[in-house]
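Before any comments, here is the structure.
A short reminder: the numbers here are calculations on the coordinates, not readings from a lab. The shown structure was predicted, so the numbers you read here are calculated from the model rather than taken from an experiment. Backbone-built Cβ (ideal geometry, glycine too); neighbour counts: all protein chains shown.
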Amino acid sequence: MRALYRETDPAKVAQIDTLFSQMDYSIRWLERYTGIACPFEQCNFVLLPNYQFGGMEHPGAIQFNDRRLLLEPNASIQEHLRQLELVAHETSHLWFGDMVTMKWFDDVWTKEVFANFIAAKIVKQRYPDIDQRLNFLYSYQAPALATDRTLGTHPIHQQLDNLNQAALLYGNIIYDKAPVMMRQMEALTGEESLRDALRYYLRKYAYANATWNDLTQIIDSICPNANVTLFDKAWVQEKGLPTLQFETTPNTVKISHIRMKGDAPRTSLFTPQRFQVLIGLASGRDSIVDVLMDAPQKEIKIEEQAPRYVIPNYRGDGYGRFLPDEASLNLMPSMIGQTHDPLVRYALAQTLWENYLLRRIKPQPIYQPQLADALLREDNPLVGSAMARQLMQIAIDAPSHEREQAEQHLWQVATTHTSPQLRQTALRLLAANAVSESLTDSLLDIWQTRRSPLLTANDYEQLALRLALRRPHQSDNIIATQLARTTDPDRRETLQLVSRACTPDTAEQHRLFRSLLDPKNRSRENAAAETLALLCDESRAAWSDAYVRPALEALADIQRTSSIFFPGKWLAALLANQRTAKAADEVRHFIATHPECPRPMVNKVLENAYHLLWVNEE
């Protein structure tokens, strides 16, 4: 193995030894799991500044984004986990994607599903003290749900008629839902049987092409009782997530797949999977029931009277939206702070979040205060990070007085919490989103004095950009000061490009936006997306919604001239902070008036416009 890099910071160069160790560990693990020696003679890697991808699995010269792998001294545990996950992901591609390659891009997801599925296993063994079931939910299940709940979702397996649309297939469904699917399949087949099937598949199609159907036939021959055909239809060929409703009657809990208004159309509602249900019995005891959802409806028989409460998906193993009865739903916010199991706390928070998005639960007076209280007492960084992000989004959605209250809750976490990781998470969220005057003053003081050891050099750069937006009369001075502090030439060059969006001159903002419509001004894709995000910051809501139509009209050209992930980055930058009815109408108008737009591109628009359309629901 050999590493090529341009980094000059000795502390970061020293981390390359860690990367060698992680690469070697991943190779050895994969050799044991697959029973096949590393398929290529070399395993070199290149750390590229300003690389537009996280990584790319070229055999003999795996490419990585240097910022993703060379971490700051005070990087969070999540960043350390993501570092190994990325190395393990690209290493897994040597077997899944390079040695065995899909026949056509319909099956491009087959290499990504195994890269992430295997990476999760490698991280589990490398970090045995981390709750890896929880890490899996945080890393894969949450992003999968974020796309799958939108009208922009699509099946894991997508038909591709022309290779010029292949870039549009990439996203959370193939990177995140597919590993969730494979984990559910492993629960049905058993770990050893699935491993044996993968070994046979790799040997049979080594240095050749294969399809997903080739693999499912092998799995079916080894595990005929797993009913792979039914599983494949529901999980791989159907789009959208299952919605399960829980109803209680005397002596029975009834679980039903239902269709909600606005759901992506499915030919079948039924999705086979396993999960647990907590039932509070009338006697005062709690009963945990394992459920195999192998039918459209399921009934749990209870010997006692009607239960006091029913908590679905109790440990988070299930995938989809779980709808408890109203009494149980109202009880769940208080339960988050009462259980000692972080996996349960995470699952409760996720179920509450999905019900919030379905408007079944209102932030006040129960959900937001109890979520904030639970966050202050949370000691797990992954659970706390999920709660903090939910609380920040609730704040953004709330009226101004409620938003300030929620921001103050997060500030309390950032300044008083016993966990440095959670203080860091809350501070980063506030740095990116806080709008109240008092918090902006406090953040400005932190930036001026550089007194927070929780923030990295990149955090201080991002904070400077946001402060320049919140304090337009100080914008030039803030940016000039930050540029003077930034000694790394690559970071300084990027900051100079991006900070142009912080100008308080609206005419200059409009000119800068129009310049991004020219492909040559998007060659630094990450910088272009960050520039657009700053131009569309919520502080510019009075005029940034005018960018929506021309930015959407440019999508065809952007897709043609950019790398595979940039259309999604462009749309996220454009729409993430839009909240006006005009912006929502522009999205609807674009979709209605562009029937020629490829469906994968429409999906990208709908996925990224989800919260904008949610706020402005018709």
Proximal aspartates and glutamates relative to Lys204, as straight alpha-carbon distance under 17 Å, when same-chain residues fewer than 8 apart are discounted: Glu31, Asp98, Asp196, Asp214, Asp220
For a test of the definition: using alpha carbon positions, the gyration tensor, and the 1.5 limit on a/c, classify region 505-618 as rounded, prolate or oblate. oblate
Cα gyration tensor of region 243-330, axes a ≥ b ≥ c as square roots of the eigenvalues: rounded (a/c below 1.5), prolate (a/b > b/c) or oblate? prolate
Candidates for Cα extents along the principal axes in Å are [x] 80, 57, 55; [y] 69, 61, 52; [z] 79, 53, 48, and the calculated one carries label [y]
Amide H contacts under 5 Å for Met102, placed H, 5+ residues apart: Ala210
Given H placed on each backbone N at 1.01 Å, which residues far from Phe275 in sequence or on other chains put an amide H within less than 5 Å of it? Val291, Met293
Cut-off is 10 Å between beta-carbons; in what order do Ile174, Ile222 appear when sorted fewest neighbours first? Ile222, Ile174
Determine the sum of side-chain charges near Thr8: Lys and Arg each +1, Asp and Glu each -1, restricted to other residues whose C-beta is under 14 angstrom from that of Thr8. -1
What pairs in Lys121/Lys177; Lys520/Lys604; Lys233/Lys362; Lys239/Lys582; Lys103/Lys177 have C-alpha atoms more than 27 Å from each other? Lys233/Lys362; Lys239/Lys582
All lysines inside 25 Å of Lys301 as judged from Cα atoms, apart from same-chain residues fewer than 8 positions distant: Lys254
Can you work out ³J(HN,Hα) from phi for every residue in region 160-167, in order, using Karplus 6.51 cos²θ - 1.76 cosθ + 1.60 and θ = phi - 60°, giving whole Hz and x for Gly and Pro? 10, 8, 9, 4, 5, 9, 4, 4
Ordered by residue, what ³J(HN,Hα) values in Hz, to whole numbers, does region 230-237 give under the Karplus form 6.51 cos²θ - 1.76 cosθ + 1.60, where θ = phi - 60° and Gly and Pro are x? 5, 4, 4, 4, 6, 8, 9, 8
Here the gain from full extension of Trp104 to Ile288, 0.36 nm per residue of separation minus their alpha-carbon distance, amounts to 61.8 nm
Could you name the aspartates and glutamates in cross-link range of Lys124, using Cα to Cα under 12 Å and dropping any fewer than eight places away on the same chain? Glu85
With unit charges on the beta carbons (Lys and Arg positive, Asp and Glu negative) and the dipole taken about the Cα centre of the chain, which residue among Ser334, Pro128, Leu535 sits farthest to the positive side? Leu535
For a quick protection proxy, order the peptides 595-603, 463-471 by their average other-Cβ count within 10 Å, most packed first. 463-471, 595-603
Based only on other Cβ atoms within 10 Å, what is the fewest-to-most ordering of Arg28, Arg199, Arg266, Arg451? Arg451, Arg28, Arg199, Arg266
